[in-house]
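One structure is given here, and the rest of the page talks about it.
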Amino acid sequence: MESTLKSAALLEQMKKHLETDAGKELKEKVGLVYQLNISPKKIGFNEEIFVVDLKEGKVSKGPYNGKPDATFSFTDDNFLSIAAGKMNPQIAFIRGAMKIKGSISAAQKFTPDIFPKPSKL
């Protein structure tokens, strides 16, 4: 996945994580499709789109072919903070650091727990 974003490294790890037993459990537990619109500095500008498909257990670059359960928009740094558990997703949403489209109940299952631990980054 060619990218200038710091988030791309985490998403690359996520791809490998989904092939493990823990990743397979996530598929069964969450079973939803998330589209991530990640911008270098400002939401909505020069964003790169990634799909975390927890139905199929895949991570890919480019828009989802169909309708994702939830779409998130955030900056590269804010995405990394949320994924690492340093920023609460609800607080990020309230502050406008993250935007959500689609199912709110699906969005609530998008927690730092679904990401591999960043110790390997």
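The values are calculated or read from the model by the stated rules, or taken from the named source; none is laboratory data. What you see is a predicted model, and the numbers here were worked out from it, not measured in a lab. Every residue, glycine as well, gets a Cβ built from its backbone with ideal geometry; the counts of neighbours run over all protein chains shown. Quick note on the areas: whole protein, heavy atoms, side chains included, nothing else; ligands and nucleic acids left out. Shrake-Rupley method; radii C 1.70, N 1.55, O 1.52, S 1.80 Å.
Within the group LYS67, LYS42, LYS86, which residue is more than 11 Å from the chain's Cα centre (by Cα) and under 24 Å from GLU2 (Cβ atoms)? So that I can check it myself, show each step before the final result.
On the way: LYS67 fails: under 24 Å from GLU2 (Cβ atoms); LYS86 fails: under 24 Å from GLU2 (Cβ atoms).
Result: LYS42 is the single residue among LYS67, LYS42, LYS86 that is more than 11 Å from the chain's Cα centre (by Cα) and under 24 Å from GLU2 (Cβ atoms).
Would you mind listing the helices (runs of 4 or more DSSP H) fully within segment 5-98 where at least 1 residues are charged (D, E, K, R) and more than 17 Å from PRO112 (Cα to Cα)? Break it down stepwise before answering.
On the way: elements: 7-17, 21-29, 76-83, 89-95.
It comes to 21-29, 89-95.
Assuming VAL33 fulfils every condition listed in (1) open to solvent by less than 20 Å² (accessible area, probe 1.4 Å); (2) free of Cβ contacts under 8 Å to residues at least 40 places away in the same chain; (3) more than 13 Å from the chain's Cα centre (by Cα) apart from one, which condition is it?
(3)
Take the residues in segment 71-99 that are in contact with a strand residue (DSSP E or B) (Cβ under 6 Å, 6 or more places away or on another chain) and among the β-branched types (Val, Ile, Thr); name whichever of them is nearest to GLU19 (Cα to Cα).
THR71
Please list, ordered by first then second residue, the pairs with beta carbon atoms under 7 Å, 6 or more apart or interchain, first in segment 44-64 and in contact (Cβ under 8 Å) with a residue 60 or more places away in the chain, second buried (at least 18 other Cβ atoms within 10 Å of the Cβ) and part of a loop (DSSP other than H, G, I, E, B).
Short answer, once both residue conditions are applied: LEU54/VAL30; LEU54/LEU32.
Which members of segment 82-99 meet the condition of being over 15 Å from LYS42 (Cα atoms) and in contact (Cβ under 8 Å) with a residue 12 or more places away in the chain?
Answer for segment 82-99, where residues must be over 15 Å from LYS42 (Cα atoms) and in contact (Cβ under 8 Å) with a residue 12 or more places away in the chain: ILE82, ALA83, ALA84, GLY85, PRO89.
Any residue at all in segment 66-78 that's on the phi > 0 side of the Ramachandran plot and either buried (at least 18 other Cβ atoms within 10 Å of the Cβ) or of a type in the set (S, T, N, Q) (or both)? I'd like the intermediate steps shown before the answer.
From segment 66-78, those on the phi > 0 side of the Ramachandran plot are 66; that's our starting set.
Filter once more, keeping what is either buried (at least 18 other Cβ atoms within 10 Å of the Cβ) or of a type in the set (S, T, N, Q) (or both): none.
No, because not a single residue in segment 66-78 is on the phi > 0 side of the Ramachandran plot and either buried (at least 18 other Cβ atoms within 10 Å of the Cβ) or of a type in the set (S, T, N, Q) (or both).
Being open to solvent by less than 30 Å² (accessible area, probe 1.4 Å) and of a type in the set (A, V, I, L, M) is the filter; apply it to segment 80-121 and report the residue that is modelled with the lowest pLDDT.
The selected residue is ILE114.
Return a yes/no flag: does segment 36-57 have any residue that is of a type in the set (Phe, Trp, Tyr) and within 16 Å of GLN13 (Cα to Cα).
Our first condition is that a residue be of a type in the set (Phe, Trp, Tyr); within segment 36-57, this holds for 45, 50.
Then drop every residue that is not within 16 Å of GLN13 (Cα to Cα), which leaves 50.
The answer is yes, given that some residue of segment 36-57 is of a type in the set (Phe, Trp, Tyr) and within 16 Å of GLN13 (Cα to Cα).
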